[in-house]
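Notes for the one structure printed next.
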Amino acid sequence: MRTKLTIFGLIAFALLSYGLYQAMIVAPTEATMGNVQRIFYYHVPSAWTAFLMFFANFLASAWYLIKRGPRADAFALASAEVGVVFCTVVLITGPLWARPVWGIWWTWDARLTTTLILWLIYVSYLILRRYSSGGQTPVLAATLAIFGFIDVPIVYLSIRYFRTQHPQPVIAGGQGSGIDPLMLKALLINWLAFLVFGAIVLWVRYKLERARQQVEEAHALREEQQYEEKPLINARAIR
């Protein structure tokens, strides 16, 4: 296990380093925005990775509601945590990019607002998982996650159906031929690096959550056995 994590960790480090080199040195400087545009190579991959993590959370949550399996519940929690981290990066890098370009840190346009709502939904999911100890907590959290995922396509489509200051898509929006090949290469390498890094964190967090579940199951089983043994002890004492 440790050997595999070390190997994948080295791969992630190599990809992140190569992606940094591509984004900061190889990719040409954007003519209009200048060097601040290089945030693009981290802002966009973070958003795509967050969407994938929330999609994984959606699938795991739906599977948990069907099968009530602890593995699905653990995977749902882990994917939500990693997704929130990447979504936080999106919300941080966005204003850093917007301030020099728009002259403001934040504006309540469709893309920014729906992304903030998405972040709040999954933060609420994590708060529910952390501070609620009822037996129905995983079910309530899974239901919240399924409904919360509806906001992901809304975020993705917001700049297509609403008037917004946010830049239009340059790849998925049909303008892929207009992006410089070196920019596209830097973008995709960084996304691959983020995916590998995110997958490693997801796996480690999943294994930790499964270990926590197994410890709780062992404690519950021990308490149940002790409770069943008490009547036998009392009966012997009476005799």
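Restricting attention to region 97-140, which residues are touching a residue at least 12 places away in the same chain (Cβ under 8 Å) and aromatic (Phe, Trp, Tyr)? Scanning region 97-140 gives Trp97, Trp102, Trp119, Tyr122, Tyr125. Residues in region 61-93 that are over 26 Å from Thr113 (Cα atoms) and in a helix (DSSP H, G or I): Ala62, Trp63, Tyr64, Leu65, Ile66, Lys67, Pro70, Arg71, Ala72, Asp73, Ala74, Phe75.
A count restricted to region 94-114 and to residues that are of a type in the set (Gly, Ala, Ser) and either more than 23 Å from Ile154 (Cβ to Cβ) or assigned to a loop (DSSP other than H, G, I, E, B) (or both) stands at 1. If you scan region 1-48, which residues turn out to be of a type in the set (Ser, Thr, Tyr) and touching a Cys at 6+ places or on another chain (Cβ under 9 Å)? Once the filter is applied, which keeps residues that are of a type in the set (Ser, Thr, Tyr) and touching a Cys at 6+ places or on another chain (Cβ under 9 Å), region 1-48 yields only Ser46.
Any residue in region 32-40 that is among the hydroxyl-bearing types (Ser, Thr, Tyr), within 27 Å of Val101 (Cα to Cα) and free of Cβ contacts under 8 Å to residues at least 40 places away in the same chain? Yes - at least one qualifying residue is present in region 32-40.
Just for region 119-161: of the residues that are among the aromatic types (Phe, Trp, Tyr) and over 30 Å from Arg212 (Cα atoms), which one is modelled with the lowest pLDDT?
If we take residues in region 119-161 being among the aromatic types (Phe, Trp, Tyr) and over 30 Å from Arg212 (Cα atoms), then Tyr161 is modelled with the lowest pLDDT.
Of the residues making up region 147-160, those that are part of a helix (DSSP H, G or I) and surrounded by 16 or more Cβ atoms within 10 Å (Cβ to Cβ) are Gly148, Asp151, Val152, Ile154, Val155, Tyr156, Ser158, Ile159.
Here's the yes/no breakdown for (1) closer than 22 Å to Lys207 by Cα; (2) surrounded by 18 or more Cβ atoms within 10 Å (Cβ to Cβ); (3) hydrophobic (A, V, I, L, M, F, W, C):
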| residue | (1), (2), (3) |
| --- | --- |
| Trp105 | no, no, yes |
| Ala110 | no, yes, yes |
| Leu118 | no, yes, yes |
| Ser124 | no, no, no |
| Gly134 | no, no, no |
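Taking the listed residues Arg236, Arg222, Arg205, the one that is at pLDDT 95 or above, in a helix (DSSP H, G or I) and basic (Lys, Arg) is Arg205, with no other qualifying. For region 57-84, a residue qualifies if it is without any contact (Cβ under 8 Å) to a residue 24 or more places away in the chain, on the phi < 0 side of the Ramachandran plot and either surrounded by fewer than 18 Cβ atoms within 10 Å (Cβ to Cβ) or among the charged types (D, E, K, R) (or both), and the qualifying residues are Leu59, Trp63, Ile66, Lys67, Gly69. Suppose the filter is in contact (Cβ under 8 Å) with a residue 40 or more places away in the chain and surrounded by fewer than 24 Cβ atoms within 10 Å (Cβ to Cβ); does Trp48 pass it? For Trp48, the condition - in contact (Cβ under 8 Å) with a residue 40 or more places away in the chain and surrounded by fewer than 24 Cβ atoms within 10 Å (Cβ to Cβ) - is met.
Of everything in region 1-55 that is among the β-branched types (Val, Ile, Thr), over 30 Å from Ile150 (Cα atoms) and in a helix (DSSP H, G or I), the residue that is modelled with the lowest pLDDT is Thr3. Looking at region 98-118, is at least one residue in contact with a Lys or Arg (Cβ under 8 Å, 6 or more places away or on another chain) and at pLDDT 90 or above? Looking for residues that are in contact with a Lys or Arg (Cβ under 8 Å, 6 or more places away or on another chain) and at pLDDT 90 or above, one finds none in region 98-118, hence no.
The values are calculated or read from the model by the stated rules, or taken from the named source; none is laboratory data. Not measured: the values here are computed from a predicted model. Ideal geometry is used to build each Cβ from the backbone, glycine not excepted, and the neighbour counts take in all protein chains shown.
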